[in-house]
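Accompanying notes for the structure given below.
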Amino acid sequence: MTPYLVIAGIVCIGALIGTILVGMNPSDENYDKKRKKHFTNLSIIYAATFIPALILTILYFIYG
């Protein structure tokens, strides 16, 4: 179960770096057009990794 937690953590760190990169250049001419899509994609990544990681962590401490 630990490898799954490590993988989820790596994906969360990648999503965090992506969030920082999206927010770094608001003066880009296409920023407004891309902003909603980027934040939607990043929100999906956070939800897809954080929720299972939280559940697996709880299960790990209860049954591990």
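Bear in mind these aren't lab numbers, they're just calculated from the coordinates by the rules spelled out. Not measured: the values here are computed from a predicted model. Backbone-built Cβ (ideal geometry, glycine too); neighbour counts: all protein chains shown.
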With Cα coordinates, the longest principal axis of the chain makes an angle with the long axis of helix 2-24, in degrees rounded to 10, of 20
Using alpha-carbon coordinates, inclination of helix 31-63 to the longest axis of the chain, degrees: 10
Per the Cauchy relation, a quarter of the hull surface: what is the mean projected area of the convex hull of the alpha carbons in the chain, in nm²? 4.2
Residue among 12, 53, 38 farthest towards the positive dipole end of the chain, charges placed on Cβ: 38
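For the chain, what is the calculated [θ] at 222 nm in deg cm²/dmol (nearest 500), taking -39500 (n - 2.57) for each run of four or more DSSP H residues and dividing by its residue count?
The helix contribution divided over the chain gives -31500 deg cm²/dmol.
By how many nm would the segment from residue 34 to residue 61 lengthen if fully extended, with 0.36 nm per residue of separation less the alpha-carbon distance?
Details: separation 27, 0.36 × 27 = 9.72 nm, distance 4.03 nm.
Taking residue 34 through residue 61 to full extension adds about 5.7 nm, to one decimal.
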Compute, for the chain, the length of the dipole vector about the Cα centre, with Cβ point charges of +1 (Lys, Arg) and -1 (Asp, Glu) only. Units Debye, rounded to 20. 140
Under a point spin-label approximation (7 Å from Cα along Cα-to-Cβ), what is the residue 41-residue 7 distance to one decimal in nm? 2.1
